[in-house]
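What follows draws every value from the coordinates through simple rules; no lab data is involved. Model, not experiment: these values are computed from the prediction. In this analysis, Cβ positions are derived from the backbone assuming ideal geometry, glycine residues included, and neighbour counts consider all displayed protein chains.
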């Protein structure tokens, strides 16, 4: 089979690997589409160090192509469209048994495409996973819609952690693909949505998909503007989708008393930020993070897409064949794109 591998900084190769065969409790998936997350982009640009060659890809959509011996063929029907929750969980550690399987120590235990490569494996023609890791879609649903199931699950987890309620003010910092998905998700809660984003085109797009107010942080103080919009209180919910530690400090200062401030994105570089312990004590603000989609939120994302409640395909900028993978990685990092998807 063919696989897209990052083999060095800004280096992509198409590898020939042996097609994996499913074990007794596994399903073989023929990958049809895999979106390029920021994680893979950081590896490509050398910002995140991993073993090479890397076959990344965790925003995965494909169809069932083979079954292990113990898999029920009447339930797992060949050619059925599926998506994959690729992150690992052991089901017996403290976190798994307390409903926090997204924090399981096994979360980064990825299936390998062979002993010579590392990675999640979605950027290959075939992948074998345990039956518990797949969700079905009906035939006919476009790959553009279902390939963003995993990031949608991530932002629904973020909004759940934030305890967003109808009528709340929510500030979303960053108008990229994850910021845009947060806007689409926050609409379902009946919240008033404020976006802080320096790029004019992304601000315009945010209004199109449901933002009530947009702020250009290069032309006005975003903290003061949020306070103006919230009668001086600050917002009930603030979510930072950027990777900039300085912006995290802004997010904290935008949060009203008893509000929730969620650091959604990993921070690069990972620098400490200043937080006043007395302010935290007196405000009762909850400062937290959001990482990986739990199983229940993955299920929720599948339902939102399959029942046509939310359509994330508007965020797919382009579908690019795997033979042009380097072009796809370069386009994925540009400010004028949202999600670039590699197809097989």
Seminar exercise, completed: Tilt, helix 245-254 to longest principal axis of the chain (alpha-carbon atoms), in degrees rounded to tens, equals 50
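Once R0 is set to 45 Å, what does the formula 1/(1 + (r/R0)^6) return for the Cβ-Cβ distance between residue 270 and residue 74, expressed as a FRET efficiency to the nearest 0.05?
Values: r = 48 Å, r/R0 = 1.08.
After rounding to 0.05, the efficiency reads 0.40.
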Exercise. Sorted by mean Cβ packing within 10 Å, highest first, what order do the peptides 96-102, 22-28 take?
Worked result: 22-28, 96-102
For this session: Report, for the chain, the % of DSSP beta bridges that are antiparallel, rounded to 5.
Result: 55
For this session: For segment 32-67 and segment 201-267, write down the distance between their C-alpha centroids in whole Å.
Result: 30
For this session: Kindly identify segment 1-84 as rounded, prolate or oblate by the Cα gyration tensor criterion: order the square roots of the eigenvalues as a ≥ b ≥ c, call it rounded if a/c is under 1.5, otherwise compare a/b with b/c, prolate if a/b is larger, else oblate.
Result: prolate
Exercise. Hey, of (i) 35, 21, 19; (ii) 38, 22, 19; (iii) 31, 26, 21, which did the structure itself give for semi-axes √(5λ) of the Cα gyration tensor in Å when calculated?
Worked result: (i)
Exercise. Based on the Cβ-Cβ distance from residue 24 to residue 321, what FRET efficiency comes out when R0 is 25 Å, to the nearest 0.05?
Worked result: 0.15
Problem set entry | Crossing angle, helix 295-306 versus the chain [Cα axis fit, 0-90 degrees, rounded to tens] | 90
Seminar exercise, completed: Ranked from fewest to most other Cβ atoms within 10 Å of their own Cβ, 279, 143 fall in the order 279, 143
For this session: Please give the residues of segment 24-42, grouped as numeric ranges, whose backbone N is less than 11 Å from a label point set 7 Å along the Cα-to-Cβ vector of residue 9.
Result: none
Exercise. Taking a quarter of the surface of the convex hull around the Cα atoms of segment 153-289, what do you get in nm²?
Worked result: 7.5
Problem set entry | CD proxy at 222 nm, helix term only [per DSSP H run n ≥ 4: -39500 (n - 2.57); per residue of the chain; nearest 500] | -7500 deg cm²/dmol
Exercise. Relative to the longest principal Cα axis of the chain, at what angle does helix 200-209 sit, 0 to 90 degrees, rounded to 10?
Worked result: 80
Seminar exercise, completed: Taking 0.36 nm per residue of separation between residue 138 and residue 291 and subtracting their Cα-Cα distance, the length gained on full extension comes to 52.3 nm
Exercise. What share of the DSSP beta bridges in segment 153-289 is antiparallel, in percent to the nearest 5?
Worked result: 0
For this session: Based on the mean of other Cβ atoms within 10 Å per residue, sort peptides 250-256, 188-194 so the most packed one is first.
Result: 250-256, 188-194
